[in-house]
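Working notes, structure below.
The values are calculated or read from the model by the stated rules, or taken from the named source; none is laboratory data. Only a predicted model underlies this, so the values are computations on that prediction, with no experimental measurement involved. No Cβ is skipped: glycine too gets one built from the backbone with ideal geometry, and neighbour counts run over all protein chains shown.
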Amino acid sequence: MSLRISLRHSSGVTKQAKLGFSWTFFFFGLWVPLFRGDFRNFFRIWGLSIVTLGIYGIISWWAYNGHYVRSLLEKGYAPADEWAQSALIQHRIITPGAPLHNAV
């Protein structure tokens, strides 16, 4: 089961993201990062899947949503509310005490 969280950028853009098992990656594979514009994770998963003979592709069913959220955090997004922040802490994506994005 996956949790839906909101991440907000300082420019005011809010994105919905999920944590946990990625059903979209399970059914559509490498098309998911391409459609989301997540090219760094696309090439990483593609390369590691070739090296591990597809095993990393299967591992990505559980890991992709976390990788996608981490890439959004690196681009300047932050948890939009306390619930999103606690979910990110619970999934060990951020540490306790990380700043919460102030509402615009």
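Given 64, 68, 77, which one is touching a Ser or Thr at 6+ places or on another chain (Cβ under 8 Å) and among the hydroxyl-bearing types (Ser, Thr, Tyr)?
64
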Original post:
Which of (1) over 11 Å from the mean Cα position of the chain (by Cα); (2) at pLDDT 90 or above; (3) small (Gly, Ala, Ser) does residue 103 not meet, given it meets every other one?
Top reply: (2)
Subject >> Filtered residues of the stretch 12-29 (kept if of a type in the set (A, V, I, L, M, F, W, C) and touching a helix residue (DSSP H, G or I) at 6+ places or on another chain (Cβ under 6 Å)) >> reply: 17, 19, 21, 25, 26
Original post:
Residues of the stretch 26-56 being surrounded by 15 or more Cβ atoms within 10 Å (Cβ to Cβ), closer than 14 Å to residue 71 by Cβ and aromatic (Phe, Trp, Tyr), which ones?
Top reply: 42
**OP:** Among the residues of the stretch 1-25, write down those that are within 12 Å of the chain's Cα centre (by Cα), surrounded by 13 or more Cβ atoms within 10 Å (Cβ to Cβ) and of a type in the set (Lys, Arg).
**Re:** 15, 18
